[in-house]
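Chemist: This is the structure I want to talk about, given as structure tokens.
The values are calculated or read from the model by the stated rules, or taken from the named source; none is laboratory data. None of these values were measured; they are calculated from a predicted model. Every residue, glycine among them, receives a Cβ derived from its backbone with ideal geometry; neighbour counts consider all protein chains shown.
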Amino acid sequence: GAVVSQHPSWVICKSGTSVKIECRSLDFQATTMFWYRQFPKQSLMLMATSNEGSKATYEQGVEKDKFLINHASLTLSTLTVTSAHPEDSSFYICSARDGRGLNTEAFFGQGTRLTVV
Amino acid sequence: GENVEQHPSTLSVQEGDSAVIKCTYSDSASNYFPWYKQELGKGPQLIIDIRSNVGEKKDQRIAVTLNKTAKHFSLHITETQPEDSAVYFCAASERNTPLVFGKGTRLSVIA
């Protein structure tokens, strides 16, 4: 099946610093990628939809200036958590869909566990 | 927008027994219903999906049923094994809109 690679798998950073997470579709072109956040023992909450070549669409309550999303190519989207705080500590997961078809499967990356100290 | 309810939140079964997880959705326009398995510290893995033009789909020990009239769909795992223990999420979407997830079911298979 299709592979989505997310990097890094875990990161620890100091409060106030920024962290970049990469999401790559390895064997298909993803015109749309999605970024989710998951707190312990909870479901996946959509943060934003990343469209190649255009601005991301953010869900209500998600600060676009804090969670910067860049989707510069059909295989790469990045999420940058700026000025991170301990409450930003969470499991961040990206998802990509093959852009060639309608309603295709969504494949997920391995996730990135962010810990802000 | 779409709202997906999932039950039960936890489920324990004896090895070899069957497990059933049920989901309901609210948006009649949704036409894609995947199920994901998530192990601790990992991203969700697609295990089976169904589209609205199909009522049932089976893949070895895993099957999914869909009732569009009632707006509910279910995951059935037969002959459960300890390695089936994980958190399972149902989801729904319309065309290529973002998936809306249920809250998850923690399945424990007891050997």
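Chemist: Which residue pairs have Cβ atoms under 7 Å apart, sit 6 or more places apart or on different chains, and have a first residue in the stretch B:67-82 that is on the phi > 0 side of the Ramachandran plot and a second that is outside any loop (DSSP other than H, G, I, E, B)?
Modeler: If the second residue must be outside any loop (DSSP other than H, G, I, E, B), the pairs left are B:Lys71/B:Thr24; B:Lys71/B:Tyr25.
Chemist: I need the full set of residues from the stretch A:94-112 which are at pLDDT below 70 and at the interface with another protein chain (Cβ under 7 Å from one of its Cβ atoms), in order please.
Modeler: A:Leu102, A:Asn103
Chemist: Now a separate question. Looking at (1) modelled with pLDDT of 95 or more; (2) crowded, with 20+ Cβ neighbours inside 10 Å, which is the only condition B:Gln14 fails?
Modeler: Among (1) modelled with pLDDT of 95 or more; (2) crowded, with 20+ Cβ neighbours inside 10 Å, B:Gln14 violates only (2).
Chemist: Counting just the residues of the stretch B:93-111 that are over 10 Å from the mean Cα position of the chain (by Cα) and more than 10 Å from chain A (Cβ to nearest Cβ), which one comes out nearest to B:Ser9 (Cα to Cα)?
Modeler: The extreme case among them is B:Leu107.
Chemist: Hey, can you tell me all the residues within the stretch A:3-47 that are small (Gly, Ala, Ser), within 9 Å of chain B (Cβ to nearest Cβ) and closer than 24 Å to A:Leu74 by Cα? Explain how you work it out, then say what you get.
Modeler: From the stretch A:3-47, those small (Gly, Ala, Ser) are A:5, A:9, A:15-16, A:18, A:25, A:30, A:43; that's our starting set.
Add one more test, that the residue is within 9 Å of chain B (Cβ to nearest Cβ), and what stays is A:9, A:43.
A:Ser9, the sole residue that qualifies.
Chemist: Have a look at A:Phe107, A:Phe34, A:Phe91 and point out the one that is farther than 22 Å from B:Glu2 by Cβ and not in a loop (DSSP other than H, G, I, E, B).
Modeler: Numbers: A:Phe107 fails: farther than 22 Å from B:Glu2 by Cβ; A:Phe34 fails: farther than 22 Å from B:Glu2 by Cβ.
Exactly one residue qualifies, and that residue is A:Phe91.
Chemist: Is one or more of the residues making up the stretch A:53-74 within 9 Å of chain B (Cβ to nearest Cβ) and part of a loop (DSSP other than H, G, I, E, B)?
Modeler: For the stretch A:53-74, residues within 9 Å of chain B (Cβ to nearest Cβ) and part of a loop (DSSP other than H, G, I, E, B): present.
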